[in-house]
Amino acid sequence: MALPSVWSEVRVGILFLSVLGLLSVRLVGAGQDSGSIIPAESRPCVDCHAFEFMQRALQDLKKTAYNLDTR
């Protein structure tokens, strides 16, 4: 019985992270249009940001799954 609720929590979490990622991409694009251009040499690559974001998201999902399991 607990398994469907865990999967629904995971699906909601993934959906939330996807929406948050799309919104952050739009905000970054809007910020660059305002004239605040940072040279490419001084900013981290997009892959690094994506990796860190997904790492934090995975940690949050693990915590949520653990909390649901302990209930």
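We did not get these values from a lab; they are worked out from the coordinates using the rules stated. Note that the structure is a prediction, hence the values are computed from the model and not measured. When we count neighbours, we look across all protein chains shown, and the Cβ atoms used for this are built from the backbone with ideal geometry, even at glycine.
So here's what we get for this one:
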read-out	value
Calculated from backbone phi, Karplus (6.51, -1.76, 1.60) coupling profile of the stretch 57-71 in Hz, x at Gly/Pro	5, 5, 4, 5, 5, 5, 4, 5, 5, 5, 5, 5, 5, 7, 6
Under the Karplus curve 6.51 cos²θ - 1.76 cosθ + 1.60, θ = phi - 60°, whole-Hz ³J(HN,Hα) for the stretch 48-55, x wherever Gly or Pro sits	5, 5, 5, 5, 5, 4, 5, 5
Inter-site label distance for residue 46 and residue 5 at 7 Å from Cα along Cβ, in nm	4.0
Residue-count net charge about residue 62 - beta-carbon cut-off 14 Å; Lys, Arg +1, Asp, Glu -1	-1
